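For reference, the structure is listed below as structure tokens.
All of the numbers you see were taken from the coordinates with simple rules; none came from a lab. All of these numbers come straight from a predicted model, not from anything done at the bench. For neighbour counting, all protein chains shown are included, and Cβ atoms are generated from backbone atoms with ideal geometry for every residue, glycine included.
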Amino acid sequence: MLINLTEYFEVQGKHAEIEVPYEAETFNDGFKDYDIKSRENLKLSIDNIGDGKLEIKGNMNVVLAGECSRCLEPVDVPVSLSFEISVVKPDGYHEIDEDEQYFMNGYELDAETLIDNEMIMSLPMKVLCKETCKGLCPVCGKNRNLGECGCDTFIPDPRMAAISDIFNAIKEV
């Protein structure tokens with residue numbers, strides 16, 4: 001959704017509080033797609049701070065459907081967005097790098113691009129069903145949170161391989 005900011009740039013000291021709907025059904029973080037289970041409207045506070053600059057504050061809560069990074073069970077991923085950005089009038093782009101205002105298209109703010117970028121920045125590095133998740137057995141693939149499988153998961157230290165070969169040679173004699 002595009003929001004025209006022309007009137008906010010024109011009147012010094014102008015303040016507005018607006019709500020912007022986020023209508024996407026899925027979210028892609030560049031690696032995988034998440035279904036959006038619930039969302040709030042984006043609440044924006046726009047203030048003209050003079051010299052062709054706006055200060056925009058926003059917050060929003062979203063719940064994504066994801067999977068645990070260890071056991072692959074479905075899990076809800078709450079994402080809380082809270083940001084504060086400064087926007088320069090398009091005539092003033094020479095003062096800043098245009099890449100800093102990637103969410104601006106002339107005098108229009110692209111709310112979806114802004115939300116998507118903020119969600120990428122707010123996603124946890126690793127999604128877990130619980131902090132104590134034991135993950136999957138590397139041998140049989142059973143979910144260790146449901147119980148032990150009895151598989152031998154001993155992995156010898158590769159640095160000791162030469163000594164192990166010597167002991168195995170002595171056993172054969």
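Structure notes:
- Label corresponding to percent of Cα pairs over 29 Å apart when calculated from the structure given, among [x] 15; [y] 47; [z] 20: [y]
- Over the chain, relative contact order from alpha-carbon pairs under 8 Å, at least 6 apart, %: 19 percent
- Estimated dipole of the chain in Debye, rounded to 20 [Cβ of Lys and Arg +1, of Asp and Glu -1, Cα centre]: 1240 debye
- Tilt relative to the chain, helix 161-172 - C-alpha long axis, 0 to 90 degrees, to 10: 20 degrees
- Farthest positive-ward along the chain dipole, Cα basis, beta-carbon charges - from L136, I163, G147: I163
- Whole-Hz couplings from phi, Karplus 6.51/-1.76/1.60, listed for the stretch 109-124; x for Gly and Pro: 8, 8, 5, 5, 5, 4, 4, 4, 5, 5, 5, 4, 5, 9, 5, x
- Under-16-angstrom lysine pairs by C-alpha in the chain, whenever the two are 8 or more apart or on separate chains: 8
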